[in-house]
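Before any comments, here is the structure.
The values are calculated or read from the model by the stated rules, or taken from the named source; none is laboratory data. Please read these numbers as outputs of a predicted model, since none were measured by experiment. Cβ: placed from backbone, ideal geometry, glycine included. Neighbour counts: every protein chain shown.
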Amino acid sequence: MKVLLKTDRYLIGRWKDAVYQHVPGLEIVTFPFVGDPSDIEVVIAWEPPQGLLASMPNLKLVISTGAGVDHILKDKTFPRDVPLVRMVDPGLTQGMVEYVVMAALLCSRRMHRAFSAQARKMWEPETVPLAPEVTVGIMGMGVLGRACAGALLGMGYNVIGWSRTPKKFDEVQTFDGIEGLEKFLTRTQILVCLLPLTAETEGILGRGTFNRLPPGAAVINAGRGAHMIEADLLRALDMGKIEVAVLDVFNEEPLPVDNPLWDHPRVFITPHTASVTTPESAIVSVADAIDELRKGLPLSNLVNVELGY
Ligand code: NDP
Ligand code: OXD
C-alpha cells in the first residue's frame, strides 16, 4: 500500500519516522514528490493543494492531521466518495484544554488590565470575579468542547454548551440549534468557539452574536478564523460590548502586520497554536485508520462530508 504524506514541511520528517515505526508494510512518499498518482491509496494530509486528491484514481482513504477538515473540503474537486477521517488524539485534546483554561483565566482575571498597568508602571489593584461567579459558554460540544468543559468545571466555572444536535451532560446545561442560540448567548460571559468551520458556522462570531452577550463579555476563538467577522469584533471591543478577546485563528494566516487586531490593547493573539498535532502521539489514530481500512472495518472518526465535520 502506497501512502502520500502532505503535512507541514517542518513536520514531514517526524511524520515519516512515525509512520515507518507504527504502520508496517507501507511504501511512503512525501509531497511534493508523488510519483504515479494512480499508485497512491492513502493520503495523510494538512492543506493539500487544490486538485491533488482528485488526481488519484485509486485513493481509498484520506486522513486529516487536523481535527478540522475545512482545509481539505475547501477543495471543490475533493472526491467526496473517498472516506475522510479526521484527527482525534489525546495530545491534541490536552493542548486545547490547556489553551482554553489559560484563555478563560486571562479573561476572568482581567489580565489585560494588569498587563496594561504594568506597561505604564502603575499600581492599579482591582478585585476580579472568582470562577464560580463566571459562566463560560462553549460553542461546539464535540471532542474538544467536552474536554474543555470538564476542565473548566474542575476550575469552578459555570459551564454551558451549544451544539447542532441536543446533548445531555450532568453538570453542563446545553442548548442546540439556531433556536437555542439566543438563550445560550444571553447567559454566556466568556464565549469559547470550538466549532468546525462549515457553511452554517462561517461568520457566526459577528455583530448578531456579540449583541446578545451580556455587556463586558469575553470571546475566545480557537475554532477557525472564518468564524469571526473581525470588523464586528473590533467594533464590539471599541463600544465596550466585548471587554477582551483571545484569538488563535484568523481569516488570513499569518495575520498581516497591518491588521488592527495586533495593536488592540484588549486582544491577546496566538499564531494558530492553541493545539498542534504531534506526529508521535497522533500516529496512533493514523495507524488505527489504516488498520481499519485494511481489515474492511468501519472507520473511526469518519467525517460526514455533507455536514462538513
Ligand atoms: P467535533 O466534530 O468533535 O465537534 C464539533 C462540535 O461542533 C459538535 O458538538 C457539533 O454539534 C458542533 N457543531 C457543528 N456544527 C454546528 C452548528 N451548525 N451549530 C451548532 N453546533 C455545531 O470537533 P472537535 O471538537 O474535534 O474540533 C472542533 C474544531 O476545533 C475543529 O473543527 C477545528 O476547526 C478546531 N481546532 C482548532 C485547533 C487550533 O489549534 N486552533 C486545533 C484543533 C481543532 P453536534 O455535537 O450536534 O454534532
Ligand atoms: C486542527 C488544527 O484542526 O490544528 O487540528 O487547527
Report summary line: Residue pairs qualifying under the 7 Å Cβ cut-off, at least six apart or on distinct chains, with the first in segment 99-117 being without any contact (Cβ under 8 Å) to a residue 40 or more places away in the chain and the second being charged (D, E, K, R) and surrounded by fewer than 16 Cβ atoms within 10 Å (Cβ to Cβ), are 113/126; 117/124
Query - Listing of helices (runs of 4 or more DSSP H) fully contained in segment 102-191 that carry 1 or more residues being modelled with pLDDT of 95 or more and within 22 Å of the chain's Cα centre (by Cα) - result: 143-155, 177-187
Query raised in the report: Just checking, which of 152, 144, 181 is of a type in the set (A, V, I, L, M), surrounded by fewer than 18 Cβ atoms within 10 Å (Cβ to Cβ) and assigned by TED's automatic domain parsing to the domain that holds residue 201?
Result: 181
Requested in this report: Restrict the check to segment 219-237 and report whether at least one residue is surrounded by fewer than 20 Cβ atoms within 10 Å (Cβ to Cβ), among the hydrophobic types (A, V, I, L, M, F, W, C) and more than 16 Å from ligand 1 (Cβ to nearest atom).
Outcome: yes
Query raised in the report: Residues of segment 90-104 being more than 16 Å from ligand 2 (Cβ to nearest atom) and crowded, with 19+ Cβ neighbours inside 10 Å, which ones?
Result: 104
Query raised in the report: Within segment 285-306, is even one residue within 12 Å of ligand 1 (Cβ to nearest atom), without any contact (Cβ under 8 Å) to a residue 40 or more places away in the chain and in a strand (DSSP E or B)?
Result: no
Query raised in the report: Is it true that some residue in segment 75-89 is surrounded by fewer than 17 Cβ atoms within 10 Å (Cβ to Cβ), of a type outside the set (A, V, I, L, M), in a helix (DSSP H, G or I) and modelled with pLDDT of 95 or more?
Result: no
Query raised in the report: How many residues does segment 53-71 contain that are more than 10 Å from ligand 1 (Cβ to nearest atom) and part of a helix (DSSP H, G or I)?
Result: 3
Query - Matching residues, segment 56-74, being among the charged types (D, E, K, R) and buried (at least 16 other Cβ atoms within 10 Å of the Cβ) - result: 70
Query - Of all residues making up segment 170-201, the number that are of a type in the set (Phe, Trp, Tyr) and touching a helix residue (DSSP H, G or I) at 6+ places or on another chain (Cβ under 7 Å) - result: 1
Requested in this report: Give the residues of segment 13-43 that are part of a loop (DSSP other than H, G, I, E, B), modelled with pLDDT of 95 or more, surrounded by fewer than 12 Cβ atoms within 10 Å (Cβ to Cβ) and on the phi < 0 side of the Ramachandran plot, sorted by residue number.
Outcome: 32, 33, 36
Requested in this report: Determine if segment 247-258 includes at least one residue that is closer than 30 Å to residue 1 by Cβ and surrounded by 19 or more Cβ atoms within 10 Å (Cβ to Cβ).
Outcome: no
Query raised in the report: Do we find that residue 274 is away from ligand 2 (no atom under 15 Å from the Cβ), buried (at least 23 other Cβ atoms within 10 Å of the Cβ) and among the hydrophobic types (A, V, I, L, M, F, W, C) in this structure?
Result: no
Query raised in the report: Just wondering, is there one or more residues in segment 270-283 that are more than 26 Å from residue 104 (Cα to Cα), of a type in the set (A, V, I, L, M, F, W, C) and either within 16 Å of ligand 1 (Cβ to nearest atom) or part of a loop (DSSP other than H, G, I, E, B) (or both)?
Result: yes
Requested in this report: Please state which of the following conditions residue 74 fails to meet, knowing it meets all the rest: (1) charged (D, E, K, R); (2) within 16 Å of residue 285 (Cα to Cα); (3) within 16 Å of ligand 1 (Cβ to nearest atom).
Outcome: (2)
Query raised in the report: Given the residues 71, 112, which is the only one that is assigned by TED's automatic domain parsing to the domain that holds residue 226 and touching a Phe, Trp or Tyr at 6+ places or on another chain (Cβ under 8 Å)?
Result: 112
